[in-house]
Structure formats: structure tokens, C-alpha cells
Amino acid sequence: MDDLDKTLQEIKKHIDNKADVARTDGTGKALTTAQVNDMNDKMDQIRKLIAEGDEIKARMEGKTAAPYMRRRPNFFVMMILFLAGLGCLWVGGKMTQDNLDLLDKGITAQGKVLRVETRESSCNRGSHQNKCTKYVAIVGFTDGDGRPEEFETDYRSSKPVYSEGQDVEVIFIPDHPAATAKINTTAYMWTVPGALGAGGLLLTVFPVLLLRNMRKERERIL
């Protein structure tokens, strides 16, 4: 490292001395314009090489942070996103499995929306967290033994999706009718699991690809 530093300093002094010398060839004879331009071009090339040498020297001494080091904090953000994606995939997979079990073991019955109720929920609006009103439907139906049952829909919305007295088809497992009952529509049963699965896949794949590119850049620089 000391030898490289001494060499760079000597070359710099040589260029500085050349720049201070009068435009002569050392014997008092004036240089032509072409010779002066050629000398200046060569000095510019040497200056460029010295600048590159200084950059390499600074990197070797750890004075210049590599691009991947400047982006190092993003690694922790990517890990949080990756873990959040795994969580979404797990919840989406669990809901999908429950729906498949319901379709396999469940039976259907005619149901009716008994009433539409409101629930208070927390909503993020910009930087503020406020309370907002969500609507849910209370659905009634008769199980396989003729007993009346009712359940509250899982899906909550800012506007009512169902109206009181509306007829709906219900699917449920006979052993646990009220606990397993759902409205038997594709939108009701698969929208949330599908959204969680797609979001989870995106959150897990994107950080992996980004970290892979950062690793390749690091290997290229080093």
C-alpha cells in the first residue's frame, strides 16, 4: 500500500512540474501547437489513470463505501417483507385448506340474511388512525336436523354487500353447522385466500430477487 501511494505521489509531482514548465522542449526551442496539444492529451490520460488509481486505493482502504454497502439497510427491510409474505402465504393456505375441507365434507342449505349490522374498526387514513364503520351480514339457515342456526359473515365491508331478507346459499359441516357455515359463492369463499396468496407470493419473491441482484453487484465490485 505504501509503495502504491509513493508511486501515485511521484506521478502527480511529475505532472505538476510539466504543467509549470514553459512551452519549450527543454532547449529553449518553442514547441509547436500540435506538440503542446499532444502533451496535454497525454497528461489528461495520465490524470485519468491517477484518478482511477486513487479510487481503487480508497476502496482498498475502506474509505469509499461500495454501492451494496450503502444499500445495506434495505436488507433488513427485505427480510421483514419476506417474513410478512410467509405469514400471508400461511394464512391464505390455511383458509384455502379450510374451504376445501368445507367443500368436501359440507352440505348446502337455503339461507336468508336476517339483518345487516355494523362493527367499529380501526382504519388508517394517511398518517392518522381513525375508527370507521364496517358492515356484516347475519345469516340464518336450518341445519340437517331441522334446527335453526345463524352465523356472522367473515367479510366486512365499508358498504353493505347483502341486504336484509336476501336469499343466499349456505354451506356447512353437519357436525358444526354454525361454526363452519359460509355463504356458498366463489367471491365470498375465495377472494380473501386468493388475495393473501398473491400478496404473499409477491412479498416473498421480490426480496429474494432483489437480494440476489445485490449479491451479484457485490461480487462484481469486489
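Between C123 and F75, what is the label-point separation in nm under the 7 Å Cα-to-beta-carbon projection?
Computed distance between label sites F75 and C123 equals 4.1 nm.
At what distance in angstrom do the alpha carbon centres of region 157-182 and region 87-110 lie from each other?
14 Å
Could you work out Rg/(2.2 N^0.38 Å) for region 135-178, with Rg from alpha carbons only?
1.23
Test of understanding: extend the Cα→C-beta vector of N213 to 7 Å, then name every residue of region 72-112 with backbone N under 18 Å from that spot.
72-82
Considering amide H positions built from the backbone, and no H for Pro or chain starts, which residues 5 or more places from C123, or on another chain, come under 5 Å of its amide H?
Correct list: N130, K131, C132.
Laboratory data are not the source of any read-out in this text; all were calculated from the coordinates shown. Keep in mind that what you see is a predicted model, and the values were worked out from it rather than measured. We place every Cβ from the backbone using ideal geometry, glycine too, and count neighbours over all the protein chains shown.
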